[in-house]
Every structure is written in C-alpha cells, then in structure tokens.
Amino acid sequence: MSHRKTWLAISLLVVAALTLAACAPAAAPAGDASAEIAGLQNQLATAQAAAAAGGEAVDTTELENQLATAQAEAAAAAEQAQAAQSQACGYNTYRLGWVMDYPDPVNIVNDVFAPTSDFQYTFWGKTYPDQAATFEELVNAAKSDPNVDTRLANYQAAEDILIDELSVVIPIFNRDRTGLRQTYVEGYYPAFGAARFANWDLTNGSDTLRYPVGAVVSTFDPNACTDTTCSAVLYQVLDAPFQYTEDGGLAPLAAESFEVSDDGLVYTIKLREGALWSDGEPVVAQHFVDGIKRLLSPDLANDYAFVMFPIDGAQAYNAGEQADLPSVVAVDDLTLQITLSAPASFFESLLAFSTFHPIRLDVIEANPDSWTAAENFVGNGAYTFVEADPNAGIKLAKSETYWDAANVSIANVEMDVLLEPATTLAAFDAGEIDATTGGSIPSADTVARYTANDPNFIRVAQPGIEYIGLNTSAEHTNDVNFRKALASATDRRTILDGPAGTPWRVETTSLIPLGIAGYREPAEAPGYPYDPEAAVAFLNEYMASAGITDASEIVVEVWFNSNGTNPQVYAAVTDMWETTLGIDARTVGVEFATYLDVLEQCNVLGGGGF
C-alpha cells in the first residue's frame, strides 16, 4: 500500500530524531534557562544576605517574580520536550526474539518480562501495578522452590498473567538452530550456548575445521562478551566449570562435581585436579573468583551481570554499593564456594554459562591494553589463539596443556568472518567451509534444502521464541481487549510457511519455549491462537468502550528491526490485522543496532529498566 511506504519514511524520521535527541547534549535554550535561573538565585541570595547583615533593605519582589517566571518557563519547556520524546516512542508493537541462556523458565519469564526488566518495552508493570506485584510474588516463590511441580506451576501462573490475563506479549514461534554442515563433520550442538569443537570430529581425514562467524567479533574479553558471535569463539578457548549437553543437562568440564547445602544457599564446586592454562600455570579456584568479580564490577557494566544476582551481595557489588564480594571464595586451590542470598533452584544450570568463565588477573595487569591479543591471551580451554582479528577471522590451535588434549581430534580451527549470507552459501557449496552458523545463509535456500531433505541441512534444538511486544502505554494497545484482538488476528502458521521461510518451525502462543520445563502443548497453552471471529469480537468490545465507530480510524505503529526477512514478515502481520480487523497498521523498520538503541531510550522515558 502507498500509505505504508509514506508512513515508513515519516516514521524513520521520527525514530532518527529520537535517536539524535537521546545522544545529543542539552540544547542551548535549556542551558540559557539554567544560567538565568542560577543568576537570579544568586542575586536574590546576595540581597537577602545583605539585609540580614544589617545593610540597607532592598525590595526583592521584582527579583522573586523574575525567578518564579524563569522557573515556570523552564519547567514548561522540559515538559514539552519530554512530551515530544514520548510521542516519538508512540509505537504500539515491537518485534524481538529471545534464545534461552540456560534451561529454566526464569530466564524468559522473569529475566525478559519482569516489570523492571531492561529487556522488555511494554511498560506493563506501570500500567498494571497490582498484577505486577502478583507476578513478582509468583516468580520469587518459584525461584526458591525446590519442588519441581510447584515451581513450574508458579512460573506458568506468572506466564498466564502476561499472556492470558493482560496479553502484553504475542508469541509467534519457537526458535531452533538451523544451518548447513558437511556430512563428514560429527558432533553435537548443545541446547544452550555455543558448540564446543573439542566435542566434534572430522571423518574426511582433515585436522582443520573451517567454521565461519557471521558478524564482526565484538570482543575477546570474556567478561565483556554478551553476543553469540564472541561466545562462539570464546567457548573454544575458555572452560566454565561445566558444559551443556545436547539435551540441556550438565557435564563436567573445568570442574568434576558440585554440592549444594541442605538449605540451598551454598554451592561447593570441586575443580579438576591437574588442569593447566595454556601458559602452563595451574587452573585454581581463585581464577573463577576473579572472573565472577570482574564480570560484576560496576566499571565493566556487563549486560549479563544480572544473571549472577542470586549470589549474596552481587547486586550491591555490581552497583558499587559494597567494596568486596565475600560470598564468592576460593576455599583452597581446587574448591570454589558460592553463597546465595536465597535458594535459587535454577542456579546450578548457570554453572555451564559464560558468566562462570575464569580469568587471569596477572595477564590482564601485565598487558592491560592488549591482553586479549592472540600473542597475550591465556585460556584454560581446548584451543589457543594463533590469530585473533575481529574483522577478518580467527585461527585456533589445540592447546597442548589442555587436560583432555588426547581426546581433542580437531587440531586447528579457522573462523573467518563472512558477513554476507550469499558468500557463506557459496563457500559451503564450494567445499571451502565445513559448516555455517544459524541464519547465515539465504532463507530461500534454507527452505529449498529443507524441502529436498538435503543431508547437509541441520535443525537442532535451541529453545527460544520470536514475539511481538505490545506497548501498554500507547493509544489503543493500552486496552486489553484490543491487544487480545491483535493476538487473535495473527496467523502464525501462515507467517512461518510464507514470508519467514521456516516451515519446519513450530508456532506458539506460549512464552515458555518448547524444550524448557513448563512448556505447555497447544491444547493447554495460554494465549490467543489465530481466530478471526474471536479477534473481531475483542475489537468490538474495545471500540464500544472507547466510543470508536469506524475501525479504520484506529492507527497502530508496528516496529521491527529491518534485518533478514523481518520486512516481509511484518508486512504480512499488518496485512492480517488490516484484513481481519479493518484497522490501519503501519510498519516502521529500522537497522538492528539503532532499533535497540531507540527502544532502550524509550524504556528510560517510560520508566522501565532496572
């Protein structure tokens, strides 16, 4: 439709203006107003001080009036600027996805959608404070409940508030890990986190795995890495205490075992005896203590610090409110002990997560500006850096000091940076690479290979969901019946079979994804499946309560990041909503980094976030 193209151009200007406003320094008029107010306050204080000291009395009425006027004008200007920025955040819906970091419902129910989470932009906690309080009670009870059945029931009850009662999220489909891998490559992909090539084999006689990454590597600092690209690299050179298995369980890695105290507060982790760093130094418990404390340090401001907040004092330490973290200690060289502030049933699943990677402070101190360079980096994993160019590629070699080096069959790993899906596909078909990462080949080719049962096509579990979040503070989507109408007008199966180009994926109305305890099959799932008649009924309820007689007067903004097939997917979504409901749905697509920046700024304006 032509109006959609026009709206896209206008909306992009609004988004760009908001981004500039978020990044720009204070405007000159605001600065001038502050200076004027300060000057008047100084004059008034001087006059009053002189009078108090016995000097000649001065009539300050005029000064007081001028000060009151300047303050009122400044307040009005600030309110006007806030209103302008808030209007720029007037999106009704936004698109995001979440891949589970660890196998517990808390990672999506709470970490993403808690009322104070930095990762959601619905503002539902402010709109519905009573339900938010109930939600937090349910989640807090679940976190510390050792009984699996009641714990999952509480998570599901919290999920029901979001999906059924308030309908602030529209889940679309369950994620998975898809790509291409040559048939001579053997080994498993873990359900969570990156694959470890020490667990893979090549049956074609080669000793070099060629596994590209699809983006520039953001960092080689394990305490700063928060994305899948740097994780894919760092999981090869660093070992956490445990590793995730194919089915999402835990297997020993840098540690051999762990015990939990009867009260669920103290975790005692026994490290592997004889393990060495790549420079030959012994791996000891203090290195894990240092890794945790550095991750939580306020100076680093790691986005994943919150994952470790169950540790007693971790949140205060991260906020700079306490100088040390005595709850994380090295009892001896091979014993790491961690004390929680309250029992957390999911905490053991974090023992394989990247937030538990160890570090060597002596290496960092010796080369503070270059300790992550290939020639300086020291790891305790199966591989070491030979080359580490974040823009071009990484070369790894098997670490001869690794405790399990005898069972690591792949001697070398080459991880070139291939940014274009077409380039990656051509390299795979030419036999120049051995595997691809998820989403790194054109979607049309992915569908063709899936349909043809190509033996190189792989699809394995990677729990997560794609969803549409609904802004509960924006016009129209501030009404629960209207939100339910949008959910009921969304044909998820058509999206997957058509514009998304992923017909093998499973549609969902649940927030807890397939493969995670607490997931409910469609017959028992919460939420609102595709039902045009129900959608119209919900819409009519909303229109009657809002005094709206013509559905076409209802305009909604649909925001998404413009990467991949999202433009086609969300054009289809708005078509569904317009066709079923008769509303005016307008798409706004923005490049991913800018998109997240704008949403985060809107979160600040809306009062969200930690």
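Ordering Asn302, Ala330, Gly381 by Cα displacement along the dipole of the chain toward the positive end leaves Gly381 in first place; charges were set at the Cβ atoms of Lys, Arg (+1) and Asp, Glu (-1). Mean sequence separation of contacting Cα pairs (under 8 Å, at least six apart), scaled by the length of the range 406-496, corresponds to a relative contact order of 13 percent. Anisotropy class assigned to the range 510-610 is oblate, per the alpha carbon gyration tensor with a/c at or over the 1.5 cut-off and a/b no larger than b/c. Placing unit charges on each Cβ (+1 for Lys and Arg, -1 for Asp and Glu) gives the chain a dipole about its Cα centre, and among Ala142, Ala232, Ala50 the Cα reaching farthest toward its positive end belongs to Ala232. Length, then width, then depth: along the principal axes, the Cα atoms of the range 453-517 run 49, 29, 15 Å.
Highest-first packing order for the peptide set 357-367, 484-494 is 484-494, 357-367, based on the mean count of other beta carbon atoms within 10 Å.
Over the range 236-282, average the accessible area per residue using a 1.4 Å probe and give it in Å², no decimals. Write down the numbers at each step before the final one.
Working: 2100 Å² over 47 residues.
Accessible surface, normalised per residue, equals 45 Å².
Per residue, the chain reaches -11500 deg cm²/dmol at 222 nm when only DSSP H runs of four or more residues are counted, each adding -39500 (n - 2.57). To put it simply, the accessible area of the range 284-337 at a 1.4 Å probe is 44 percent carbon and sulfur.
Leaving out ligands and nucleic acids, and using a 1.4 Å probe, what accessible area per residue does the range 468-560 come to in Å²?
That works out to 38 Å² for each residue.
Projecting the Cα atoms of Ile364, Tyr519, Thr423 onto the dipole axis of the chain, where Lys and Arg carry +1 and Asp and Glu carry -1 at the beta carbon, places Thr423 farthest toward the positive end. Counting Lys and Arg as +1 and Asp and Glu as -1 over every other residue whose Cβ lies under 11 Å from the Cβ of Ala551, the net charge comes to -4.
Using a probe of 1.4 Å on the protein chains alone, the accessible area found for Trp98 is around 30 Å².
Ordered from largest to smallest accessible area (heavy atoms of protein chains, 1.4 Å probe), the residues Glu533, Glu600 come out as Glu533, Glu600. Close Lys pairs in the chain, defined as Cα atoms under 28 Å apart and 8 or more places apart or on different chains, number 7. Peptides 228-236, 560-568, ordered by how many other C-beta atoms sit within 10 Å of their residues on average, highest first, read 228-236, 560-568.
Quantify, in whole percent, the carbon and sulfur part of the accessible surface of the range 227-269 (1.4 Å probe; protein heavy atoms only).
Ligands and nucleic acids excluded, carbon and sulfur give 49 percent.
Taking only protein heavy atoms and a 1.4 Å probe, the accessible area of the range 473-599 is 51% carbon and sulfur. The protection proxy used here, the mean number of other Cβ atoms lying within 10 Å of each residue, ranks peptides 344-350, 263-269 as follows, highest first: 344-350, 263-269. Computed over the range 460-610, relative contact order equals 24 percent, with contacts defined as Cα pairs under 8 Å that lie 6+ residues apart. A simple count of charges around Val213, restricted to other residues whose Cβ falls under 12 Å of its Cβ and scoring Lys, Arg +1 and Asp, Glu -1, yields -3.
The values are calculated or read from the model by the stated rules, or taken from the named source; none is laboratory data. Since the structure is predicted, the reported quantities are computational estimates derived from the model, not experimental observations. Positions of Cβ are generated from backbone atoms using ideal geometry, with glycine treated the same way; all protein chains shown enter the neighbour counts. To get the accessible areas, we keep the full protein, side chains included, count just its heavy atoms, and leave off ligands, DNA and RNA. Shrake-Rupley method; radii C 1.70, N 1.55, O 1.52, S 1.80 Å.
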